1. Residues of the stretch 51-73 being closer than 19 Å to residue 10 by Cβ and in contact with a Leu (Cβ under 9 Å, 6 or more places away or on another chain), which ones?
2. Would you check which residues across the stretch 25-43 are open to solvent by 70 Å² or more (accessible area, probe 1.4 Å) and at pLDDT below 85 and list them?
3. Output the qualifying pairs, or none if there are none: Cβ atoms under 9 angstrom, residues six or more apart or on different chains, first residue in the stretch 74-89 and in contact (Cβ under 8 Å) with a residue 24 or more places away in the chain, second residue part of a helix (DSSP H, G or I) and of a type in the set (Gly, Ala, Ser).
4. For the stretch 58-105, name all the residues that are open to solvent by 100 Å² or more (accessible area, probe 1.4 Å), at pLDDT 85 or above and under 19 Å from the mean Cα position of the chain (by Cα).
Amino acid sequence: MAAFGEQEGYLPYRHLSSYSHTTRETAQLYVRPTRAGGWELRNKPRESGLNDVIWTAVCLIQAGRILDSILSEQLLTAELDQATVHLGVSGDIVPRRHLRRGAAN
């Protein structure tokens, strides 16, 4: 939790999880606006590109790291390390909170 300056892990976990759960942005891959002002399903999902897939995976790994840090025994560490390597991301991808200039802690 030190990366976020938080004692409680739920807030950072919830924030990171929101990237992988359905939102208006992800739903728009499967629906489109109609001329009448409503929505309809697409016959084929809109191309989202590999970028969406990679960032969803990164957010899930980061959320997993937050959850793992809350556990008394870090049971997820090996699997999260393996997922990070499989994704082809090198280095530490634990999210860091950066304070804005002039902001008090």
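The values are calculated or read from the model by the stated rules, or taken from the named source; none is laboratory data. Predicted model only: the values in this text are computed from it and were never measured. Cβ coordinates were reconstructed from backbone atoms using ideal geometry, including for glycine residues, and neighbour counts include every protein chain displayed. Surface areas here come from the heavy atoms of the whole protein model, side chains and all, with no ligands, DNA or RNA. Shrake-Rupley method; radii C 1.70, N 1.55, O 1.52, S 1.80 Å.
1. Of all residues in the stretch 51-73, those closer than 19 Å to residue 10 by Cβ come to 59-72.
Listed by number, the residues that qualify are 59, 60, 61, 62, 63, 64, 65, 66, 67, 68.
2. At the first step, the residues of the stretch 25-43 found to be open to solvent by 70 Å² or more (accessible area, probe 1.4 Å) are 25, 30, 32-33, 35-36, 39-41, 43.
Across the stretch 25-43, the qualifying residues are 25, 30.
3. If the second residue must be part of a helix (DSSP H, G or I) and of a type in the set (Gly, Ala, Ser), the pairs left are 83/57; 83/64; 87/57; 89/57.
4. Residues of the stretch 58-105 that are open to solvent by 100 Å² or more (accessible area, probe 1.4 Å), as a first pass: 72-73, 75, 79, 82, 85-86, 90, 92, 96-101, 105.
From the residues that got through so far, the ones that are at pLDDT 85 or above too are 75, 79, 82, 85-86.
Across the stretch 58-105, the qualifying residues are 79, 82, 85, 86.
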